[in-house]
Amino acid sequence: MATLGDNKDNVVVSNLKLERMLSMKGGKGEASYVNNSQAQGQHARSMLHLLKETLDGVQLISSSDNDIPFVIVDLGCSCGSNTVYIIDVIVEHMRKRFDTTDQQIPEFSVFFCDLPSNDFNTLFQLLPPLANNGMEECLASNSHRSYFAAGVPGSFYRRLFPARSIDVFYSAFSLHWLSQVPDVVLDKQNVAYNKGRIYIHGANESTTKAYKKQFQSDLANFLCARSKEMKMGGSMFLVCLGRTSMDPTDQGGAGLLFGTHFQDAWDDLVQEGLITSEKRDNFNIPVYAPSIQDFKEVVEANGSFTINNLQVFRGGSPLVVNHPDDAAEVGRALAISCRSVSGVLVDAHIGEQLGDELFTRVERRASHHAKELIEKLQFFHIVASLSLV
């Protein structure tokens, strides 16, 4: 359950409400995800060789079934150009595979999936038009897309598609987002109550165990749903934030992003009397960066998938700056990056005006530690390639 409300009351909302509210910041403003997802794009491009290895393992449709479309899904597509680029890569790679085996190239169908609050309108505006004169024109022109497209709103922790209907699932930078903040973390009477913190980085063992349990439960639900939806011979390529430490209280790059200057900025609001300590304590970022073992345990327990590849991949910094020596630019980059992924939750909890105050303090604090952020803020990712047993 997540907790929202004004400064006087704490209103506990259902998991469904969180699902309908959680999203990257929409629109095309300065703090929007569209304008602050360059780092994710760079990280995704650095993994293309691993994605293509996964695609090489996909079973091609036999020539007798060429009327059946080849179906691709991006789970957690968000609203930026990264998903469009990746889908183009997948379609082109599979088209070449069909072509080199002298099979008729099928039509491609793509589903962009995210929570209902995702800014699908902005995403669809980024899609080039579908050519009217058939697939050959699509493939010959960079100004047209070579696939049919549709949006699917809903949580990927549940079923979204008919059984045995999907050839390729792709999901990047999404599975570390939990379906909910664990109830015990918000329960004052529980030893796992995350008092004084808005994230689990540096929290007590009971709190981190609750987050790990929630992550593994969510991932189990995700795998269960995909095991029913994926076609035999299909493949799944998954990327989420990960950590190299076996200690879950050390959340690595996610810990530096949410557990240091962002945390301190919340403390500033409390000390300045702008919010109560209870208001701060009732806000927790629903993110868990798993270890490779955390991830592997769930896949093996599920039993539906063969692990073709599972590794920790160094993605790099989430900060994109033109002048790394400019402390003000680094501070602003961290604040905007943080707001693009958490701003919707923050504004829902304390309002947009106090949200502005919070991220102003994040920027100021981060600028005082710019050199450290440039040197130490690095994201590691869990990368998994799975196929049905």
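Here are some notes:
- Among beta bridges identified by DSSP and lying wholly in the chain, the antiparallel ones come to about 50 percent.
- Cα long-axis angle, helix 327-350 against the chain (0 to 90 degrees, to the nearest 10): 90 degrees
- Angle between the chain longest axis and helix 261-271 axis [Cα atoms, degrees, rounded to 10]: 40 degrees
- For segment 258-313, the convex hull spanned by the alpha carbon atoms encloses 103 Å³ per residue.
- Residues in segment 187-198 carry Karplus couplings, in order, of 9, 4, 7, 9, 5, 8, 4, 8, 4, x, 10, 10 Hz; the curve used is 6.51 cos²θ - 1.76 cosθ + 1.60 with θ = phi - 60°, and Gly or Pro positions show x.
- Here semi-axes √(5λ) of the Cα gyration tensor in Å was calculated from the structure, and among [x] 41, 29, 17; [y] 32, 26, 21; [z] 37, 23, 19 it sits at label [z].
- In this structure, the amide hydrogen of LEU388, modeled 1.01 Å from its nitrogen in the peptide plane, lies closer than 5 angstrom to those of GLY233, GLY234, THR306, counting only residues at least 5 positions away or on a different chain.
- Taking label positions 7 Å along the Cα-Cβ direction at both ASN308 and ASP267, the computed distance is 4.7 nm, reported to one decimal.
- Charge dipole (debye, nearest 20) of segment 204-346; +1 at Cβ of Lys and Arg, -1 at Cβ of Asp and Glu: 740 debye
- All Cα pairs of segment 277-389, percent lying beyond 16 Å: 69 percent
- Stokes-Einstein D for segment 71-206, Kirkwood Rh over Cα pairs, 25 °C, 0.890 mPa s (µm²/s): 140 µm²/s
- Near VAL287, the amide H atoms lying under 5 Å from its own belong to LEU178; only residues 5 or more places off or on other chains count, and H is placed 1.01 Å from N.
- Scaled radius of gyration (Cα, divided by 2.2 N^0.38 Å) that segment 320-379 gives: 1.14
Since every read-out is calculated from the coordinates, none of them should be taken as a lab result. Model, not experiment: these values are computed from the prediction. Counting neighbours? That spans all protein chains shown, and the Cβs are built from the backbone with ideal geometry, glycine included.
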